[in-house]
1. On a 0 to 90 degree scale, rounded to 10, what angle separates helix 83-97 from the longest Cα axis of the chain?
2. What's the angle, to the nearest 10 degrees (0 to 90), between helix 166-184's Cα axis and the longest principal axis of the chain?
3. Between H30 and residues 5 or more places away or on another chain, which pairs have amide H atoms under 5 Å apart, with H built 1.01 Å from N, and which residues are they?
4. List the chymotrypsin sites (Phe, Trp or Tyr not before Pro) in region 117-185 that DSSP assigns to loop (not H, G, I, E or B) and whose Cβ has at most 16 other Cβ atoms within 10 Å. Which are they?
5. Post the alpha-carbon centroid distance, region 139-165 to region 111-131, in whole angstrom.
6. Per residue of the chain, what 222 nm ellipticity follows from adding -39500 (n - 2.57) for every DSSP H run with n ≥ 4, rounded to the nearest 500?
7. Using +1 at the C-beta of Lys and Arg and -1 at the C-beta of Asp and Glu, which of F45, T99, M56 has the Cα lying farthest in the positive direction of the dipole of the chain?
8. What are the ³J(HN,Hα) values, in whole Hz, obtained from phi via the Karplus relation 6.51 cos²θ - 1.76 cosθ + 1.60 with θ = phi - 60°, for each residue of region 105-121 in sequence order, with x given for Gly and Pro?
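What follows is calculated from the coordinates using simple rules that are stated; it is not laboratory data. Remember, it's a predicted structure, so these values are computed and weren't measured experimentally. Using ideal geometry, Cβ is built from the backbone for each residue, glycine included, and neighbour counts are taken over all protein chains shown.
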Amino acid sequence: MEARKLLEALSVAERLKDATRHCYTRNGRHESVAEHSWMMTLMAFLIRDEFPEADMDKVIRMCIIHDLGEAFTGDIPTFEKTEENENTEEYLLYKWLKTLPEPQRIEMTSLFEEMKKRETTEAKIYKAIDSLEALIQHNISDLSTWIPMEYELNKTYADDKVAFSEYLTKLREEIRSDTLAKIAE
């Protein structure tokens with residue numbers, strides 16, 4: 001990628017460092033979208049041996065780029081996000097993708113389409129990681145940062161996303177155990 005185009009792309013992506021999420025860090029600070037994406041990417045790296053049939057490098061690429069649309073809209077928690085919000089985010093993301101050089105535009109567009117359809121093993125793994133990371137972060141954060149609906153949501157969220165994988169189902173159970181222990185504190 002030509003140097004100026006790289007700097008322009010990074011300038012947009014950098015917005016995710018300041019775009020905060022609903023989740024909090026261990027020390028009580030709102031987590032950024034960039035931090036969420038980084039933790040997801042690390043998760044994909046750490047569990048790659050659990051999925052020898054999958055292209056985990058592709059999953060890592062999906063994790064890195066999955067929330068780039070939020071550079072334009074900010075983060076809207078999944079339990080508040082409407083179809084209109086999703087359409088706006090997608091429109092602005094694809095408008096930005098058109099400004100990228102052809103190789104990156106083609107690859108990113110292809111990845112976003114694959115993630116949206118969630119038919120491939122890689123897209124299913126990415127989406128499960130996306131959901132599980134949010135639960136893990138909630139369990140790490142102080143219980144005082146949870147809103148009332150999260151006490152129930154954290155017990156069931158992502159069950160559907162992990163059902164295709166025995167490993168991810170077991171991981172979800174461990175996360176649920178941590179959630180129940182946290183609530184019982």
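1. Helix 83-97 sits roughly 40 degrees off the main axis of the chain.
2. Relative to the chain, helix 166-184 is tipped by roughly 50 degrees.
3. Those qualifying (amide H under 5 Å, at least 5 residues apart or on another chain) are T25.
4. Listed in order of number, the matching sites are F164.
5. So the separation of the two Cα centres works out to 20 Å.
6. Computed ellipticity for the chain at 222 nm equals -20000 deg cm²/dmol.
7. Checked the options; the winner is T99.
8. 4, 5, 5, 5, 4, 4, 4, 5, 5, 4, 5, 5, 6, 6, 9, 7, 4
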